[in-house]
Amino acid sequence: MSRGTVSINAENIMPVIKQWLYSDKDIFARELISNGCDAIKKYRWLVGNGKAEGDDAPDRIDVITDKEKGTLTFIDNGIGMTEYEIVKYIAQVAFSGATDFITKYTEESKGEGAGIIGHFGLGFYSAFMVSDKVVIDSKSYDGSPAVRWTSEDGMEYEIEPSDRTERGTAITLYIDDADKDFLNLWTLRETLEKHCAFMPVPIYVTEVKKPEEPKEGEEKKEEKEPEEPKPINDIHPLWMKRPNECTDEEYREFYRKVFHDFEEPLFWIHLNAEYPFNLKGILYFPRIKNEFTASEGVIKLYNNQVFVADNIKEVIPEFLLLLKGCVDCPDLPLNVSRSFLQNDGYVKKMAAYITRKVADRLVSEFNTKREDYQRYWDDIHPFVKYGCIKDEKFYERVKGALIYKTTAGEYVTLDEYLNKNCADGEDKVVYYASDEKRQAQMIQLYNDQGKDVILLDTLIDNNFISFLEYSEREQKVSFKRVDAAADSLTEDGEISEDARKKLEGLFRKVMNDDQVDVQLKPFKDDALIAMITVDEQNRRFTEMSSRWGGPDMKLPEKRTLVLNDKHPLVKWLQDADEGEKTETVCAQVADLAEMARQPLVADRMVDFLRRSNQLLTELIEK
Ligand code: ADP
Ligand code: MG
């Protein structure tokens with residue numbers, strides 16, 4: 001037997017690993033299994049290149065839990081290690097990564113919590129996070145004698161001959177008291193399914209059970225045929241297949257299996273790049289039920305089928321995190337840290353590539369399957385709009401495929417809307433409603449003028465149209481809510497300023513608002529008496545600031561009461577003597593105009609109803 005000390009330059013690394021890795025302890029399983037996969041891959045390579053004699057044993061990794069002994073054993077039939085190799089690889093080199101970890105950790109822990117830890121691969125030494133003792137039994141493919149390495153703290157070790165007879169490595173962890181849970185078959189399976197679901201070598205999990213002693217008098221039970229063991233992982237994840245070899249049903253099934261979502265995905269993108277970087281994956285557009293469930297997406301990141309992490313926003317642009325999917329990038333180091341990713345130009349390029357693919361897919365869906373696209377537009381538009389605001393490049397690519405739903409249920413692009421609704425030389429205005437029911441009358445007025453109204457009724461729309469007006473400022477497009485201006489509902493005509501002044505006085509008094517602007521105009525619709533409009537920019541600003549800044553930021557609305565100069569009642573008001581009757585008429589007109597755009601506040605509603613009842617009574621008394 002020989003003894004040695006693992007050469008490290010950060011003496012106290014083990015206590016640190018044990019202490020700080022608490023939240024992501026289960027990473028040891030991923031590390032040991034991926035080492036096993038590597039060992040098998042190396043062996044296959046040797047065989048493939050005629051450097052080792054192959055045998056028939058199929059590649060496999062076994063994980064065996066033994067509660068009685070308190071051990072968890074990871075066995076692979078890979079290349080194995082000689083004594084020399086164990087000393088060289090296990091005892092020395094591995095620590096360069098770990099010291100790196102220490103420096104990185106101390107840097108990073110200032111800003112972020114323990115969540116960062118999971119992104120450091122600690123390799124073999126992560127086994128000590130959950131163990132009192134680790135034993136390696138290994139037999140190299142080259143026929144060297146099997147060797148056993150034992151260490152209790154990851155620093156001092158003993159080496160002796162091992163009784164292992166087969167090629168490969170068995171790593172036995174004597175699980176410490178705090179981590180006994182990993183010995184439970186259920187916990188173990190869950191851990192492995194999280195980290196190893198797509199590892200490239202079949203993984204079998206078994207539990208060592210005490211053989212049941214036949215009770216006295218009872219006959220020995222007949223041995224039941226043991227069930228054919230099944231690996232816990234899928235060694236050929238769908239993203240590794242060529243896109244043209246995958247069927248729609250396979251994509252759907254993969255989605256169900258991986259994301260446990262039984263709603264069908266709307267559509268998906270199979271990423272398959274070899275140049276300038278190696279990247280494979282499948283991104284699904286989930287059906288988004290409402291804006292608030294939208295954040296439930298999940299994108300799993302893999303390195304050669306080894307799970308790295310969920311939702312790393314440095315690799316996957318934030319707005320794409322609404323999607324669900326798997327992205328496999330073998331060039332991405334397993335032991336990554338956030339600060340590394342943020343500063344990595346390669347990662348940025350990857351993120352840009354993914355964004356571009358998503359945009360291109362949307363555009364091609366729009367161009368080739370517009371009807372389907374329109375059907376799921378209601379589901380995906382908040383996501384697409386959010387992406388446009390977040391990422392200008394995405395907007396530039398996808399803008400031709402942005403569509404708007406009209407209140408008549410049609411879907412149009414911005415150009416289609418403008419071509420149909422704005423005459424040459426006219427201002428490019430898009431009329432929209434934010435509440436189809438409340439704004440029904442205003443919508444009707446525009447429709448009567450032959451103008452379409454689009455529906456923008458989600459939280460993101462307010463920001464989105466401001467973004468769009470700004471981005472397309474050269475085109476001079478503006479969005480106006482149906483109650484924002486009366487311009488296209490009125491005609492030009494001579495207006496008497498005296499009459500307007502008089503009406504302004506009357507209405508300001510009954511409306512108890514000396515700021516309201518009163519205008520007099522002939523309306524295109526003869527029957528309509530009055531309309532209240534609210535300045536678009538002003539209203540948008542108020543809405544945004546009350547959403548983000550709370551009620552203190554609320555600005556008074558800039559309101560205008562527009563009266564129909566052609567209407568007999570308005571004409572009558574211009575000539576009538578001021579008194580109770582003019583006041584009643586003005587109050588009723590103002591209330592009706594207000595109701596056409598939003599419900600009256602409580603007090604005003606009470607007044608309105610009382611006044612209306614009275615008017616009806618007067619009607620029959622006359
Ligand atoms: P890494 O996998 O990043 O090289 P690890 O700490 O996980 O770092 O492993 C260190 C080295 O130990 C490996 O590179 C490999 O040479 C050797 N090793 C670890 N586990 C095994 C195994 N199961 N079979 C053969 N060699 C192994
Ligand atoms: Mg490793």
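The values are calculated or read from the model by the stated rules, or taken from the named source; none is laboratory data. On a predicted model such as this, the values are computed, not experimentally measured, just so you know. We place every Cβ from the backbone using ideal geometry, glycine too, and count neighbours over all the protein chains shown. These accessible areas exclude ligands, DNA and RNA; they are computed on the full protein's heavy atoms, side chains included. Shrake-Rupley method; radii C 1.70, N 1.55, O 1.52, S 1.80 Å.
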Residue check, ALA39 against (1) within 12 Å of ligand 2 (Cβ to nearest atom); (2) modelled with pLDDT of 95 or more; (3) hydrophobic (A, V, I, L, M, F, W, C), all met but one. Which one?
(2)
Any residue in the stretch 229-250 that's in contact (Cβ under 8 Å) with a residue 40 or more places away in the chain: show its pairings with residues that are open to solvent by less than 40 Å² (accessible area, probe 1.4 Å) and among the small types (Gly, Ala, Ser) at Cβ separation under 7 Å, as long as the two are six or more apart or on different chains.
ASN233/ALA197; TRP239/GLY281
Checked the stretch 72-82 for anything in contact with a Phe, Trp or Tyr (Cβ under 8 Å, 6 or more places away or on another chain), open to solvent by 10 Å² or more (accessible area, probe 1.4 Å) and under 14 Å from VAL205 (Cα atoms); matches are none
State all residues of the stretch 456-470 that are more than 17 Å from GLU392 (Cα to Cα) and buried (at least 20 other Cβ atoms within 10 Å of the Cβ); if no residue qualifies, say none.
LEU456
Can you find even one residue in the stretch 406-418 that is farther than 27 Å from CYS196 by Cβ, assigned to a helix (DSSP H, G or I) and not assigned by TED's automatic domain parsing to the domain that holds SER478?
no
Based on this model, can you work out whether GLY97 counts as open to solvent by less than 80 Å² (accessible area, probe 1.4 Å) and either at pLDDT 85 or above or touching a strand residue (DSSP E or B) at 6+ places or on another chain (Cβ under 8 Å) (or both)?
no
Filter pass, ASP153 being assigned to a loop (DSSP other than H, G, I, E, B) and either under 23 Å from ASP328 (Cβ atoms) or open to solvent by 20 Å² or more (accessible area, probe 1.4 Å) (or both)
yes
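This table checks each residue for (1) closer than 23 Å to GLN537 by Cα; (2) open to solvent by less than 30 Å² (accessible area, probe 1.4 Å).
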| site | (1), (2) |
| --- | --- |
| GLU371 | no, no |
| TYR411 | no, no |
| VAL430 | yes, yes |
| ALA433 | yes, yes |
| GLU436 | yes, no |
| GLN449 | no, no |
Let me spell it out: the conditions are (1) at pLDDT 95 or above; (2) open to solvent by less than 40 Å² (accessible area, probe 1.4 Å), and THR191 meets all of them except one. Which number is the exception?
(1)
Please go through the stretch 124-148 and give me each residue that is within 45 Å of the chain's Cα centre (by Cα) and either within 23 Å of LYS42 (Cα to Cα) or open to solvent by 10 Å² or more (accessible area, probe 1.4 Å) (or both), ordered by number.
PHE124, TYR125, SER126, ALA127, ASP132, LYS133, VAL135, ILE136, ASP137, SER138
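Yes or no, residue by residue, for (1) basic (Lys, Arg); (2) open to solvent by 10 Å² or more (accessible area, probe 1.4 Å); (3) in a loop (DSSP other than H, G, I, E, B); (4) touching a Gly at 6+ places or on another chain (Cβ under 9 Å):
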| residue | (1), (2), (3), (4) |
| --- | --- |
| LYS509 | yes, yes, no, no |
| ASP513 | no, yes, yes, no |
| ASN538 | no, yes, no, no |
| SER546 | no, yes, no, no |
| VAL562 | no, no, no, no |
| LEU573 | no, no, no, no |
| ALA587 | no, yes, no, no |
Of all residues in the stretch 384-402, which are crowded, with 21+ Cβ neighbours inside 10 Å and under 20 Å from ASP372 (Cβ atoms)?
VAL384, LYS385, GLY387, VAL398
The lone exception for TYR174 - which of (1) over 21 Å from GLU31 (Cβ atoms); (2) modelled with pLDDT of 95 or more it fails
(1)
